[in-house]
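Notes for the one structure printed next.
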Amino acid sequence: MDTIHDLGGMQGFGAVEVDEPEEPFHHDWEARMWAIARNARAADWTIDWWRHIRERIAPVDYLSRPYFDSWMQTHAAGFITSGVFTLEEIVSGHTDDRRPPPPAENLAQVLARARREAHRFEAPAPAPARFAPGERVRAVSTPPLGRDHHTRLPRYVRGRTGTIHAHWGCHVFADLAARGIHEGQHVYSVRFTANALWGEEADPRDCVHLDLWESYLEPA
């Protein structure tokens, strides 16, 4: 989706702060939000649907809210759309569901459940790979499903020419997975020179490798 979350290559946002104290959380509520994110989700969620929800956050919210606050906003919206609870319940801080909560899990039980529920994203290949290492390709200018849908194709690479570095096999296509459709596409590592991405002022020795699905690419 072409929204404010896609900041790659954009300018005017100031320097990236790298000297903050090395601490996992700045406030206790951030740790609680991290725990909620790791352990609470609706049955119909996928990582791509979650990303799609987050991409719909208004630009002023996305740029001004703390990181874990936007996680909270995304989870709340996801739970509402999945019918887990209502907006009124969030506002009131109380649920209308009188069922007792599930029993608490210890660390060993949490880890065991995480292993059971771990997802793999390999998928059967619908057709032979279209490209091979060493081939020149161009990233398409418009995502396959259009600009209003979830995509992993960064704006700064669209229309740019690169070289296939490696073929990673076939994996679930994120754009469709955000809609609940699990179909496979070939995925490639594509090498783009800094000059191809940002012009002659970029250092010609630099390059960027991006993992891109096949429908993001066309022959150069």
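Taking the stretch 91-128, which residues are among the small types (Gly, Ala, Ser) and either within 29 Å of the chain's Cα centre (by Cα) or on the phi > 0 side of the Ramachandran plot (or both)? Spell out how you get there, then give the answer.
As a first pass, look at the stretch 91-128 and keep what is among the small types (Gly, Ala, Ser): 92-93, 104, 108, 112, 114, 118, 123, 125, 127.
GLY93, ALA108, ALA112, ALA114, ALA118, ALA123, ALA125, ALA127, listed by residue number.
For residues that are within 16 Å of the chain's Cα centre (by Cα) and surrounded by fewer than 18 Cβ atoms within 10 Å (Cβ to Cβ), scanning just the stretch 61-71, find the one that is nearest to ASP28 (Cα to Cα). Before you say what the answer is, go through the steps one by one.
Filtering the stretch 61-71 for residues within 16 Å of the chain's Cα centre (by Cα) gives 62, 67-68, 70-71.
With surrounded by fewer than 18 Cβ atoms within 10 Å (Cβ to Cβ) added as a condition, the list becomes 62, 67.
On the way: TYR62: 21, TYR67: 14 Å.
Ranking the candidates gives TYR67 first.
What single numbered condition from (1) more than 20 Å from TRP49 (Cα to Cα); (2) out of contact with any Ser or Thr (no Cβ under 8 Å at 6 or more places or on another chain); (3) not in a strand (DSSP E or B) fails to hold for HIS150?
(1)
Would it be correct to say that PRO24 is at pLDDT below 90, more than 23 Å from the chain's Cα centre (by Cα) and surrounded by fewer than 10 Cβ atoms within 10 Å (Cβ to Cβ)? Steps first, please.
Values: at pLDDT below 90: yes; more than 23 Å from the chain's Cα centre (by Cα): no; surrounded by fewer than 10 Cβ atoms within 10 Å (Cβ to Cβ): yes.
No, not satisfied.
Return the residues of the stretch 91-115 that are farther than 18 Å from ALA35 by Cα and outside any loop (DSSP other than H, G, I, E, B); say none if nothing qualifies.
From the stretch 91-115, those farther than 18 Å from ALA35 by Cα are 91-100; that's our starting set.
Of everything in the stretch 91-115, those that are farther than 18 Å from ALA35 by Cα and outside any loop (DSSP other than H, G, I, E, B) turn out to be VAL91, SER92.
Evaluate the following for ARG41: is it exposed (fewer than 10 other Cβ atoms within 10 Å of the Cβ) and basic (Lys, Arg)? It would help to see each step written out before you state the result.
Numbers: exposed (fewer than 10 other Cβ atoms within 10 Å of the Cβ): no; basic (Lys, Arg): yes.
No; evaluated as a whole, the condition is false for this residue.
The values are calculated or read from the model by the stated rules, or taken from the named source; none is laboratory data. Here the structure is a predicted model, which means the values were calculated and not measured. Glycine gets a Cβ as well: all are built from the backbone with ideal geometry, and neighbour counts include every protein chain shown.
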